[in-house]
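Here is the structure we will look at.
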Amino acid sequence: MKIIAIIVTLMCCGLMFYVKREWKAAMLVMGAMTLTVVNVPGIPLHKANFLLQATFLLSEWNQLKQHAKKLWRMPYLVGLLLLVSFSELLATLTSQYVGIAETIKSELLFKYFALAYAFWAVRNEKSLKPILQVSLYCLIVLTVFGVLNYIDKSAMFVNALTEGKTSAVYEGVALGDIYTESARFRVQSMFNYAFDYGYMCAAILILHLHGWYRNLESKRVFIIALICCFFGIIMCGCRIVWVGTIFSIFCYSMWVFQLNRNVLYGMIAVIIMIMSYLTIPAVEDKVNKVTDVFVEDSETKGSSISLRMSQYAYVLMYVEGHEWLGLGKGYWAYSYAKDRRSVEGILGIESVILAYLLERGIIGLIFWAIFYTYIFFHFWENRKKRKTLTGLGASILTLYLVFSIGTGELGSVYPTMLLLGMVMKMIESKKRRPMLYAVLLRIMKRKKLTRRQQLIVILKVISR
């Protein structure tokens, strides 16, 4: 299984030099969905998703100058990349636990900069077709491994790809068996963490919902994707993923559909939920687990509001005197590995807000908030003319915010940057059409221009 995964990774890297850009984008999404635990030995970057991004850049080497020019014409996108670069470098330079080279590689080039790579890889909304097609196959593979994981209570793919490695939390336990003996069993399929599996399914569900609504895929394909996504969302066992999925679908519906349709869909959904709760014991159990998160002495094991408040109190105690810049990026991982009792009260710092306050302080948290607020306002400013696309972007952003604030970022940032970068490019492609039409009309009115001159002007406009 490990050899097959490595071969698939290398094949995708090779295909980057032969396929069209939208298929390159599809392979980047495929890597984020199915290759997160794959490492290729004997190659400097090792990680499959690092290799895919690196080969994407190499395949576009002759066009990088043009890509850079196009990027420079998008002040909001340049601003986002500069902001996150400054934030990450500041966090690194004020920390003794991480190096600048590792930060540039892991946090910037192959994580946040995926926003730019996705922007370059797609052309317009039709570029979603290959992405939807490839993601459907990935969902089927994820679901097959997820079902096997559920039956065997062991993630065989994860164990095969991480042979010899054990959990840092559960000593001596293989990474694919961390939930086997747990009171709340979770399906992790092809991911190290079940939460990442659920998050990925939720994000791809929104993408397929948009694809179906925009007639980019058939109803039959959408239903298959829907079944696979809901399996992952439910069986990952993460209540934050459940809540985030509901919020993101609600956001897309309110943003895109007409109000009267929203009311109708909302009433139908409420009726179905109530009937399911009253007649299906499994649904009743799941709903009770969600509502128990707000109960002090909950019988349902897992995180709760009281646990979050306890973690918040411990974080405030730890950062006393270091409120502005925190204790340094990487502090929790370093302290946990050295002496886990020293950070016992923080547990897993299950919120991006707590993590940033602890390691980057108030300044780091402000940069994080500005970054995602800036993205939201970009969608908000374009909502009237690009309703469906901005709705897609806002719903993905909503899912990320609910997930990261509720349980921490984990592996959610990279796929989020990929999807948001694609949405931004599709919005820009829609903007260029009216401009092109206006130029063409102006050319037609200028009778003195020859056909050759008209063609030159048209090509100049298209190249921008």
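The values are calculated or read from the model by the stated rules, or taken from the named source; none is laboratory data. Predicted, not measured: the structure shown is a model, and the values here were computed from it. With ideal geometry, Cβ positions are generated from the backbone for all residues, glycine too; neighbour counts draw on all protein chains shown. The accessibility values were calculated without ligands, DNA or RNA, using every heavy atom of the protein model including side chains. Shrake-Rupley method; radii C 1.70, N 1.55, O 1.52, S 1.80 Å.
Take the alpha-carbon centre of the stretch 372-430, take the same for the stretch 198-262, and report the distance between them in whole Å.
14
What is the percent carbon and sulfur in the accessible area of the stretch 317-372, measuring with a 1.4 Å probe over the protein chains and ignoring ligands?
In the stretch 317-372, the share of accessible area belonging to carbon and sulfur is 64 percent.
Taking only protein heavy atoms into account and a 1.4 Å probe, give the accessible area per residue of the stretch 173-232 in Å².
It amounts to 38 Å² per residue over the stretch 173-232.
For the stretch 163-214, what D do you get in µm² per second when you plug the Kirkwood radius from alpha-carbon pairs into Stokes-Einstein at 20 °C and 1.002 mPa s?
Roughly 169 µm²/s, to the nearest whole number.
Report the extension gain between Ala269 and Glu171 in nm, rounded to one decimal, defined as 0.36 nm multiplied by the number of residues separating them, less their alpha carbon distance.
30.9 nm
Going by a ≥ b ≥ c, the root eigenvalues of the Cα gyration tensor, does the stretch 101-230 fall in the rounded group (a/c under 1.5), the prolate group (a/b larger than b/c) or the oblate group?
It is oblate, given that a/c is not under 1.5 and a/b is not larger than b/c.
In nm, to one decimal, how far is the Val8 label point from the Ser182 one, both placed 7 Å along Cα→Cβ?
Roughly 2.3 nm, to one decimal.
Find how many whole Å separate the alpha carbon centroid of the stretch 92-155 from the alpha carbon centroid of the stretch 1-59.
So the two Cα centres are separated by 11 Å.
Taking amide hydrogens as modeled 1.01 Å from N in the peptide plane, which residues meet the under 5 Å criterion relative to Gly326, leaving out close sequence neighbours?
Gly361, Ile362
Ignoring any ligand, DNA or RNA, what whole percent of the accessible area of the stretch 173-240 comes from carbon and sulfur when the probe is 1.4 angstrom?
63
Per the 1.4 Å probe, what fraction of the accessible area of the stretch 16-108, in percent, lies on carbon and sulfur atoms?
Of the solvent-accessible surface of the stretch 16-108, carbon and sulfur hold 64 percent.
In Å², what does the accessible area per residue of the stretch 1-70 work out to with a 1.4 Å probe?
That works out to 51 Å² for each residue.
What is the Rg over Rh value, at two decimals, for the stretch 339-420, using alpha-carbon atoms and the Kirkwood definition of Rh?
For the stretch 339-420, the value is 1.08.
Students often get this wrong, so check it: of Lys111/Lys329; Lys111/Lys384; Lys219/Lys384, which have C-alpha atoms separated by over 19 Å?
Lys111/Lys384; Lys219/Lys384
For the stretch 181-197, what does the Karplus curve 6.51 cos²θ - 1.76 cosθ + 1.60, with θ = phi - 60°, yield as ³J(HN,Hα) per residue in whole Hz, taken in order and with x for Gly and Pro?
9, 6, 5, 10, 5, 10, 8, 10, 6, 10, 10, 5, 10, 4, 4, 5, 4
Step through the table entries Lys20/Lys126; Lys20/Lys425; Lys20/Lys385, compare each Cα-Cα distance with 24 Å, and write down the pairs that go over it.
Correct reply: Lys20/Lys385.
Would you please name the chymotrypsin sites (Phe, Trp or Tyr not before Pro) within the stretch 108-173 that are DSSP coil residues with at most 16 other C-beta atoms within 10 Å of their C-beta?
When the chymotrypsin sites (Phe, Trp or Tyr not before Pro) of the stretch 108-173 are filtered for loop state and at most 16 Cβ neighbours within 10 Å, Tyr170 remain.
Would you please classify the overall shape of the stretch 1-60 from the alpha carbon gyration tensor, given that a ≥ b ≥ c denote the square roots of the eigenvalues, rounded means a/c under 1.5, and beyond that prolate means a/b larger than b/c while oblate covers the rest?
Prolate, since a/c reaches 1.5 and a/b exceeds b/c.
Show me the trypsin sites (Lys or Arg not before Pro) within the stretch 103-149 that DSSP assigns to loop and that have at most 15 other Cβ atoms within 10 Å of their Cβ.
Here the sparse-neighbourhood loop sites are Arg123.
Over the stretch 37-107, what is the mean sequence separation of C-alpha contacts under 8 Å (at least six apart), divided by residue count, expressed as relative contact order in percent?
13
At 20 °C and a viscosity of 1.002 mPa s, what translational diffusion coefficient does Stokes-Einstein give for the stretch 348-395, taking Rh as the Kirkwood radius over Cα pairs? Give it in µm²/s as a whole number.
Translational diffusion coefficient: 177 µm²/s.
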